[in-house]
Amino acid sequence: MTDPGLCGRCAHARIVASRRGSRFWLCGLSRVDPRFARYPALPVLRCVGHVAGAPATGEGKGDIHSEAEQ
């Protein structure tokens with residue numbers, strides 16, 4: 001997987017897996033703020049919305065996985 005840059009250390013980030021096995025970094029801020037891309041180009045080197053923390057877990061949703069689960 002491509003180095004995600006800041007997304008790999010952001011509390012707003014999630015990894016989304018497609019049915020075909022592809023994985024993408026989803027920015028949670030994109031849901032509430034149009035300045036943020038839903039799936040940003042990686043690596044993200046600067047981001048005004050970055051909040052230090054681990055990417056969120058999927059909490060049993062099946063198609064979203066934390067980096068630790070990979």
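The values are calculated or read from the model by the stated rules, or taken from the named source; none is laboratory data. What you see is a predicted model, and the numbers here were worked out from it, not measured in a lab. Counting neighbours? That spans all protein chains shown, and the Cβs are built from the backbone with ideal geometry, glycine included.
Of the residues making up segment 9-42, those that are among the small types (Gly, Ala, Ser) and modelled with pLDDT under 95 are Ala17, Ser18, Gly21, Ser22. Looking only at segment 31-44, residues that are part of a loop (DSSP other than H, G, I, E, B) and closer than 13 Å to Thr2 by Cβ come to 5 in all. Within segment 12-36, the set of residues being touching a helix residue (DSSP H, G or I) at 6+ places or on another chain (Cβ under 9 Å) and loosely packed, with under 14 Cβ neighbours inside 10 Å comprises Arg35 only. Taken over segment 5-27, the residue count meeting the criterion of being of a type outside the set (Gly, Ala, Ser), in a strand (DSSP E or B), within 13 Å of Ala54 (Cα to Cα) and out of contact with any Lys or Arg (no Cβ under 9 Å at 6 or more places or on another chain) is 2.
Residue-by-condition table, conditions (1) under 11 Å from the mean Cα position of the chain (by Cα); (2) small (Gly, Ala, Ser):
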{"residue": "Leu6", "(1), (2)": "yes, no"}
{"residue": "Arg9", "(1), (2)": "yes, no"}
{"residue": "Ala13", "(1), (2)": "yes, yes"}
{"residue": "Pro40", "(1), (2)": "yes, no"}
{"residue": "Cys47", "(1), (2)": "no, no"}
{"residue": "Pro55", "(1), (2)": "yes, no"}
